[in-house]
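Taking it in order: structure first as structure tokens, then the write-up.
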Amino acid sequence: MIPEIGVFSLVLALLVALVQGTLPLAGAHWGVAGWVRLARPAALGQFVFAAMAFACLAWSFLDNDFSVLYVASNSHAELPAAYRFAAVWGGHEGSMLLWLCLLTAWALAVALFSRQLPDAYVARVLAVMAWLGVGFLLFLLFLSNPFTRLMPPALEGRDLNPLLQDPGMVVHPPILYMGYVGFSVAFAFAIAALLSGELNAAWARWSRPWTVAAWMFLTLGILLGSAWAYYVLGWGGWWFWDPVENASFMPWLVGTALIHSLAVTEKRGAFRSWTVLLAICTFSLSLLGTFLVRSGVLTSVHAFAVDPGRGLFILAFMVAVVGGSLLLFGWRAPRIGLGGRFSVLSRESLLLANNVVLTVAAMAVLIGTLYPLALDVLAGQKISVGPPYFEAVFVPIMVPAIFLMGVGPVARWKQAPLPELARRLRWALAASGAAALLLPLTLPAGPRGWSALSTFALLLAGWAVASAATHAWQRFRGAPGGWLDRARRQPRGWYGMLVAHAGIGVFIFGATMANGFDSRQELKLQAGESTALAGFAFRFDGVAPVSGPNFDAQRATVRVTRKGEAVATLHPEKRIYRARQMALSQAAIDVGLTRDLFVALGDPAGDEAWTLRIHVKPFMAWIWAGCLLMALGGLLAATDRRYRLDLAARPAAVVGGATATLRPQEGA
Amino acid sequence: MRFKLPFAIFIVLAILLAVGLRRDPKLLPSALIDKPAPTIDLPLLHDSQQVLKVESLRGQVWLLNVWASWCAPCRDELPVLLELAGKDGVRLYGLNYKDKSDAARTWLQRWGNPYLGSAVDSDGRIGIDYGVYGVPETFVIDRAGRIRYKHPGPITAEIWRDRLLPVVRSLQ
């Protein structure tokens, strides 16, 4: 009964979406106020029905209803309740339903928090989002129905893939999808602006908080995915340039370009066509990612239930959405016009360079990801493109971006004379140079020693942090009312920028140290035997059998000491999940400020002996810290007061493009 | 005009993806199809005085099955191999890959020996020559000593009937 209610809810959601996609759009075009006013209630209705469908599926999982095929394939009666709930998005159909629900949730958020925008504009935005919803609902109802019955019902489910039975995996898809789907808001704003013919600074201002919020979620989602790969897959690595990882990284790169481009469009009215194109491309890359994961065109560790039939639908959907929007762009963009002029060296030109670099980086990743497919189609050859290509191409492209990141905030709008820039940044340059010279002397060198590349990376990391600090220092210094007063008066978005830029420096430092200076050993140890690595002593104390709710495991005890003092006790496990008879090696990691200790259990090697894989990764946690700082920066920027003030004080901006007056701001 | 460029680029990409949908990325054709089978010249498992020579097998269609005692799927396909070996003129030879000979002989004794002879490739060198990247794998070699088909993975009754047997028949 409940699954049928779920299907019915989806049908209702589809009907509402069709209404939401047509009438408000027509109403905005022909000025029919009644139709325009339908948009917000329709968004609410769509959300309610989508949420009901999700609730029905969640109920089926929690209730162990194995007469539903999807539940039987992804759940098990012994699975802990939290994982039974998370199993809703553990497979293809459920994850598509999650996508849809988040889409309707974002649309509802737009409907609720956009009172200050003109109704016609909001109507167009919601209509565009409704059409996206129509596509997904058709896909769900006809090609990926999560509520398909299994008759006769299974006696027991096939269990959730053990790799997914992990807290990180529970949050990773929802947060990641919040990012993917969130960019549909920026996309809808851009399309609505193109449709209405107005692309002034006001549009950029309205779009900004939504775009930054989506960017923040995507950053967190990618972080969670990497962290999961690190501690569940057990290879000690955290990024593999796998097609699906790239599929999430490309929207992030273009999304980063977008949020910076929006700043220029808002402040100076420039880059308008750039910004619109970036908004379209970011969401298109999200859709492309969805296509790549589910169609089977690329081999990947992430491949869902691949099915070329589904792939064809998603491709057709993509052609309609992306092709349609690019066609609209090609038609309307020439009329957008240019914004304020700026000189060769100015904040605008630096941000333009930033746009270009990030776009080129995203294209390089796209080429690398699709190259195997292209070669297979064009020449029939099979090839795989992996880290050697990506590292060789991506890192050099990003170097100028990191450098520009430090210069941009101190450059003036319209014209930034070089001597002034040099003067403002000389301390930052000195500090980063000093860091690059001194840190190699103080930090542990690892087995391979310091290379020019690592030193240069340290220089960049130091530059990112030092330039942000210098900029803050200059802003605070010599102000009336003192230091603290001046600090309190800065807009939250400015702090967001500082934190995010510093976060990148922290990330680069962590990645350089963890990748370049990690020590590893793979060896066979008898119970009681010890081994030494990077100054730590690892003593293997043997293995004992344990049982979990749905698995049986061999649990090892490894005691780690340094110079005789106990540092940590680690318990790597080798689990066999009963339902699928699938073995999983659960690594044990001791996270520290300056290093991660990583121990994974291999295979038994005779009586009382096991192979162990041990890594010591310096500053590994700084990678996560850097990403968290970036996300925090995004959060600060998205919740800046001037976006929220609009809700209370401002009258609705007039349709016809009058730029809403901005409070005089200090930079940022 | 430059505003129409993104659309044009996207259409090219979409066509590429559409064609790509028809290909299977997991299909990895062997680079050695239609090439002469590399020399083996390794001693047999059950008689180290004898050597498996590709040249001496000219004039007949034969299969080379790469296996090892530590390989679980090999155990799964063994009943199928026992069933098809010797029937309909199918000549099955084995390549004992990266294995210890004692363990290999015990394995065959315990579970059954479908092979006319198994060459011992303890360091895997000949496996490299054949492009072996997993165990088990099966090669079909024709009368002229050329590799005509490679099947990676274990052989089931269906795979034998639908894929390998037609190839063997066409060569005989």
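Pairs to check: B:Lys35/B:Lys100; B:Lys100/B:Lys150; B:Lys53/B:Lys98; A:Lys267/B:Lys4; A:Lys382/B:Lys35. Give those whose C-alpha atoms are more than 21 Å from each other in this structure.
Pairs exceeding the cut-off: B:Lys35/B:Lys100; B:Lys100/B:Lys150; A:Lys267/B:Lys4.
When you look at the Cβ of every residue in B:1-10, what mean number of other chain Cβ atoms sits within 10 Å? Before the final figure, lay out the partial values.
Working: counts 2, 4, 11, 7, 2, 11, 10, 2, 2, 11.
The per-residue average across the peptide is 6.
I need the phi-derived Karplus couplings for segment B:111-122: 6.51 cos²θ - 1.76 cosθ + 1.60, θ = phi - 60°, integer Hz, Gly and Pro marked x.
Here the 3J(HN,Hα) series is 9, x, 10, x, 8, 5, x, 10, 7, 9, 10, 6 Hz.
So, with a 1.4 angstrom probe, what is the percent of accessible area on chain A that is carbon and sulfur? Don't skip to the end; give the middle numbers.
Numbers: 18110 of 26800 Å².
Result for chain A: 68 percent of the exposed heavy-atom area is carbon or sulfur.
Below 8 Å between Cα atoms, with a sequence gap of 6+, how large is the relative contact order for segment A:535-653 in percent?
14 percent
In percent, how large is the relative contact order of segment A:1-115, given Cα pairs closer than 8 Å and 6 or more residues apart?
The normalised contact order for segment A:1-115 reaches 27 percent.
Per the Cauchy relation, a quarter of the hull surface: what is the mean projected area of the convex hull of the alpha carbons in chain B, in nm²?
Taking a quarter of the hull surface, the average projection is 12.9 nm².
Report, by chain and number, residues whose modeled amide H sits under 5 Å from the one on A:Gly602, excluding near sequence neighbours (fewer than 5 apart, same chain).
Counting only residues 5 or more places away or on other chains, the set is A:Thr611, A:Leu612, A:Arg613.
Taking H placed 1.01 Å from N in the peptide plane, check which residues at least 5 places from A:Gly296 or on another chain put their amide H under 5 Å from its amide H.
A:Asp307
What ratio of Cα Rg to 2.2 N^0.38 Å holds for segment A:125-170? Please list the in-between numbers first.
Values: Rg = 16.4 Å, N = 46, 2.2 N^0.38 = 9.4 Å.
That ratio works out to 1.74.
Which value, in square angstrom to the nearest 100, describes the accessible area buried between chains A and B on both sides, using a 1.4 angstrom probe?
Numbers: alone 27830 and 10200 Å², together 35850 Å².
Chains A and B together bury roughly 2200 Å² of accessible area.
Could you order the peptides A:483-494, A:106-117 from most to least packed, using the average number of other C-beta atoms within 10 Å per residue? Before the final figure, lay out the partial values.
Working: A:483-494: 14.8, A:106-117: 19.9.
Highest-to-lowest ranking by the protection proxy: A:106-117, A:483-494.
I'd like the mean, over residues of A:325-333, of how many other protein chain beta carbons sit within 10 Å of each residue's own Cβ.
Average neighbour count from other chains, rounded to a whole number: 4.
Which whole number gives the average count of other chain Cβ atoms within 10 Å of the Cβ atoms across peptide A:312-324?
Working: counts 4, 0, 2, 5, 2, 0, 4, 7, 0, 0, 6, 4, 1.
Mean shielding by partner chains, rounded to a whole number: 3.
What number does the protein assembly as shown give for Rg over Rh if you use C-alpha atoms and the Kirkwood radius?
Taking Rg over the Kirkwood Rh, I get 1.01.
I'd like the Karplus ³J(HN,Hα) series for segment B:139-148: coefficients 6.51, -1.76, 1.60, θ = phi - 60°, whole numbers in Hz, and an x wherever there's a Gly or Pro.
Along segment B:139-148, the couplings run 10, 9, 10, 8, 5, 8, x, 9, 6, 10 Hz.
As a test of the formula, what do you get for the protein assembly as shown when each DSSP H run with n ≥ 4 contributes -39,500 (n - 2.57) and the sum is divided by the residue count, at 222 nm and rounded to the nearest 500 deg cm²/dmol?
The per-residue figure over the protein assembly as shown is -18500 deg cm²/dmol.
If you average the C-alpha positions of segment A:405-448 and of segment A:1-35 separately, how far apart do those two centres end up, in angstrom?
After rounding, the separation between the Cα centres reads 54 Å.
Taking 0.36 nm per intervening residue step and subtracting the Cα-Cα distance, what contour gain separates B:Ser101 from B:Glu55 on full extension?
14.1 nm
Distance between the C-alpha centers of segment B:104-172 and segment A:65-118? Whole Å please.
Cα centres, segment B:104-172 to segment A:65-118: 47 Å.
Based on the mean of other beta carbon atoms within 10 Å per residue, what is the order of A:374-386, A:87-99, most packed first?
Working: A:374-386: 13.2, A:87-99: 24.2.
Peptide ranking by packing, descending: A:87-99, A:374-386.
Which value in nm describes the separation of the simple spin-label points at A:Trp427 and A:Leu484, placed 7 Å from the Cα toward the beta carbon?
For A:Trp427 paired with A:Leu484, the spin-label model returns 2.1 nm.
Compute the distance in nm between two label points, each set 7 Å from the Cα along the Cα-to-Cβ direction, one at A:Leu593 and one at B:Trp111.
Placing both labels 7 Å beyond Cα along the Cβ direction yields 5.5 nm.
Which whole-number percent is the relative contact order of chain A (Cα, under 8 Å, 6+ apart)?
Values: 1202 pairs, mean separation 83.4, N = 668.
Contact order relative to length: 12 percent.
According to a simple spin-label model (label point 7 Å from Cα along Cα-to-Cβ), what is the distance in nm between A:Leu441 and B:Asp123?
4.9 nm
Using 16 Å as the cut-off for backbone N distance, which residues of segment A:167-190 belong to the label zone defined by a point 7 Å from the Cα of A:Phe85 along Cα→Cβ?
Answer for this model: A:167-175.
Give me, ordered by chain and number, the residues 5 or more places off B:Gly145 or on other chains with an amide H under 5 Å from its own placed amide H.
Residues meeting the amide H criterion: B:Gly59.
Roughly what % antiparallel, to the nearest 5, for the DSSP beta bridges in chain B? Spell out each step's value before the answer.
Working: 14 of 24 bridges.
Counting DSSP beta bridges with both partners in chain B, the antiparallel share is about 60 percent.
So if we plug the beta-carbon distance of A:Ala374 and A:Lys563 into 1/(1 + (r/R0)^6) with R0 = 45 Å, what FRET efficiency do we get, rounded to 0.05? Don't skip to the end; give the middle numbers.
Values: r = 55 Å, r/R0 = 1.22.
So, using R0 = 45 Å, E works out to roughly 0.25.
Is the C-alpha gyration tensor of segment A:357-416 telling us rounded, prolate or oblate? Criteria: a/c under 1.5 is rounded; beyond that, a/b larger than b/c is prolate, otherwise oblate.
It is prolate, given that a/c is not under 1.5 and a/b is the larger ratio.
Pick from B:Leu45, B:Leu13, B:Leu82: which is most flexible by mean-square fluctuation in a GNM of chain B where alpha carbon atoms under 10 Å apart are linked?
Maximum among the listed residues: B:Leu13.
The values are calculated or read from the model by the stated rules, or taken from the named source; none is laboratory data. Remember, it's a predicted structure, so these values are computed and weren't measured experimentally. We place every Cβ from the backbone using ideal geometry, glycine too, and count neighbours over all the protein chains shown. Surface accessibility is based on the protein's heavy atoms, side chains included, excluding ligands, DNA and RNA. Shrake-Rupley method; radii C 1.70, N 1.55, O 1.52, S 1.80 Å.
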